[in-house]
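Please read the structure below before turning to the comments.
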Amino acid sequence: MTCDRFRLVAERPDLPLAWVERLRGVLDAFPECEEDSAWVGLRWRVGQATVAHAFGGEDQLFRITFRAEPDEVVAFMHLGAPYFRCDWGRDVVGLFLDEDTDWDELGELLTDSYCIQAPPRLADLVERPAVS
């Protein structure tokens, strides 16, 4: 056998525990929002709808993906790093996580994502960030 027959895949780093705990602090507070293992990393869902997915990439960078309103998706596309738009789903965007992450802002984005994905009866129980 030759090496050509095998695809080499770089290891994906585990999310730092301190970051996982910060994410849990936000997402676990939402009604019926459950954490589970994803194909890579962790995801939080309400019912079958994914609210957030956090993981380390083969490039050794950490990301979190979530849902956003259509006008915010356009804004994320133009802002650039640390934000990005995902290639799947019309409302899926993301953020690179690092030492400079604004965790308050991320908390607001995850709150919005939960309210987009949750049934109205649950979303109505959550206080959304004030629009400035």
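The values are calculated or read from the model by the stated rules, or taken from the named source; none is laboratory data. From a predicted model like this one, the values you see are computed outputs, not experimental measurements. A quick note on method: Cβ atoms are made from the backbone with ideal geometry, for glycine too, and the neighbour counts reach across all protein chains shown.
Taken together, the residues in region 62-87 that are modelled with pLDDT of 95 or more and closer than 21 Å to Glu99 by Cβ amount to 5.
No other residue among Ala29, Ala18 is surrounded by fewer than 17 Cβ atoms within 10 Å (Cβ to Cβ), at pLDDT 95 or above and part of a loop (DSSP other than H, G, I, E, B) apart from Ala29. Screening Pro70 on (1) in contact (Cβ under 8 Å) with a residue 24 or more places away in the chain; (2) closer than 18 Å to Tyr83 by Cβ shows it passes everything except condition (1). So is Gly80 of a type in the set (Gly, Ala, Ser), over 13 Å from the mean Cα position of the chain (by Cα) and over 22 Å from Arg128 (Cα atoms) or not? It is true that Gly80 is of a type in the set (Gly, Ala, Ser), over 13 Å from the mean Cα position of the chain (by Cα) and over 22 Å from Arg128 (Cα atoms). Of the candidates Asp100, Asp104, Asp71, the single residue that is of a type in the set (D, E, K, R), farther than 20 Å from Pro119 by Cα and not in a helix (DSSP H, G or I) is Asp100. Please go through (1) crowded, with 16+ Cβ neighbours inside 10 Å; (2) assigned to a helix (DSSP H, G or I) for Phe84 and return the number of the only condition it doesn't satisfy. Among (1) crowded, with 16+ Cβ neighbours inside 10 Å; (2) assigned to a helix (DSSP H, G or I), the lone unmet condition for Phe84 is (2).
Mind checking whether some residue in region 51-58 is at pLDDT below 95 and in a loop (DSSP other than H, G, I, E, B)? Yes, the conditions are met somewhere in region 51-58.
If only residues of region 56-72 that are among the hydrophobic types (A, V, I, L, M, F, W, C) and either touching a Lys or Arg at 6+ places or on another chain (Cβ under 6 Å) or farther than 26 Å from Leu122 by Cβ (or both) are counted, the one that is surrounded by the most Cβ atoms within 10 Å (Cβ to Cβ) is Phe62.
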